[in-house]
Ligand code: AFP
């Protein structure tokens, strides 16, 4: 990669340029809000990078609304986000994976123009294994400005998001962001003069997801619970050249959605956490408002697709803050194919690849 010489744009500079067509006051308010979130994520990155040295590993002994054991870093990250949003004059309220209900701002509940929804620490099960983890956020309009927000104020389809992003705490700390004018990628630059805060600089101005791919990500241990269209799609990928796809595919699974989506943003691919038959009343594992919807907006803005199998994720209207949905997203060609398989669920999958070559060898009768 050629050496970059021109000074890189800062987060604020890049966002103001990106929002060139928005009314200046609105643009400034959105930039200020994203800058607040970015600063909180830089703090999370500092603690995550220090790990046990910052006493950031281990569980705190409590469980969140989902019944998941809360990790120290979950709670720390949630605290950094809440403090930053509380201090932001444009934010009326926020909702987090770690709290059952939304929380109105102490000062700006009526005047704030935005609501923020976030997963403070995605991939908690990977913290102690030092595998990439992340923060996911979504900025919604506070439709009933002048009235303090309630949980119902957040029940907007993903298409109503004004901005969405994730921060990946990996070898580098990266932020991938959209304000519905394409997708930008920033890198946290810690090489700053002593006493100065690390700064986000623009490193990829226009992220595009390749339309074709040979890479899929799914938790294969759940295969027996998948529905027919997903069984068929994965079986055909695994069959590779000797199957109907006539090309080989590779598989990945990190168990951190942020890391999976980031890989797709950089080189294409498909990520699937589909509906399965384990708990018919639970349509999926991932949460609509702070996992599926923000990732769907990013992926669609980068030229990819995002669906629950039968409907674009951005069209889904939430009923509750912690609602779960099936998630299938990534390179456009594959998403269109998977949607077509769902549109024809009776398509016989008699082409039993399992008998030929696969991880999923059927037990002999
Ligand atoms: P945690 O934050 O509880 O680790 O869950 C991560 C996640 O929500 C998402 O990031 C992964 O894609 C998915 O769950 C991993 O699920 P499996 O544990 O079934 O692999």
Legend entry - Cα-based convex hull volume of the range 196-248 per residue, rounded to whole Å³: 159
Inset, instruction - May I ask you to sort 247, 208 by Cβ crowding, counting other Cβ atoms within 10 Å and putting the fewest first? - result: 247, 208
Inset, instruction - Would you order 108, 322 from fewest to most other beta-carbon atoms within 10 Å of each residue's own beta-carbon? - result: 322, 108
Legend entry - 37 °C / 0.692 mPa s Stokes-Einstein diffusion coefficient of the range 262-330, Kirkwood radius on C-alpha pairs, µm²/s: 272
Inset, instruction - Determine the calculated [θ] at 222 nm for the chain from helices alone, applying -39500 (n - 2.57) to every DSSP H run no shorter than 4 residues and normalising by the residue count; nearest 500 deg cm²/dmol. - result: -8000 deg cm²/dmol
Inset, instruction - Using the 2.2 N^0.38 Å rule of thumb for compact globular proteins, work out how the range 117-207 stacks up: its C-alpha Rg over that value, please. - result: 1.31
Inset, instruction - Sort 74, 119 so the one with the fewest other Cβ atoms within 10 Å of its own Cβ comes first. - result: 74, 119
Inset, instruction - Mind ranking 266-274, 99-107, 122-130 by how tightly packed they are, going by the mean number of other C-beta atoms within 10 angstrom, highest first? - result: 266-274, 122-130, 99-107
Legend entry - the chain: angle of helix 257-267 to the longest principal axis, Cα-based, in degrees nearest 10: 80
Legend entry - the chain pair-distance distribution - Cα-Cα, 10 Å bins, rounded %: 5, 24, 33, 24, 11, 3, 0
Inset, instruction - Provide Rg over Rh for the range 191-323; use the alpha carbon set for both Rg and the Kirkwood Rh (inverse mean inverse pair distance). - result: 1.04
Inset, instruction - Pull out a ≥ b ≥ c, the square roots of the eigenvalues of the alpha-carbon gyration tensor of the range 249-297, then state rounded if a/c is under 1.5, prolate if not and a/b is larger than b/c, and oblate in the remaining case. - result: oblate
Inset, instruction - Assuming 0.890 mPa s and 25 °C, estimate D for the range 1-78 with Stokes-Einstein, Rh taken as the Kirkwood radius over Cα pairs, in µm²/s. - result: 157
Legend entry - Two-decimal Rg/Rh across the range 97-251, once Rg and the Kirkwood Rh are taken from alpha-carbon atoms: 1.06
Inset, instruction - Bin all alpha-carbon pair distances of the range 49-184 at 10 Å intervals from 0 and give each bin's fraction as a whole percent. - result: 12, 39, 34, 14, 1
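Laboratory data are not the source of any read-out in this text; all were calculated from the coordinates shown. Owing to the predicted nature of the structure, the values given are computational and were not obtained by experimental measurement. FYI the Cβ positions are ideal-geometry reconstructions off the backbone, even for glycines, and counts take in every protein chain you see.
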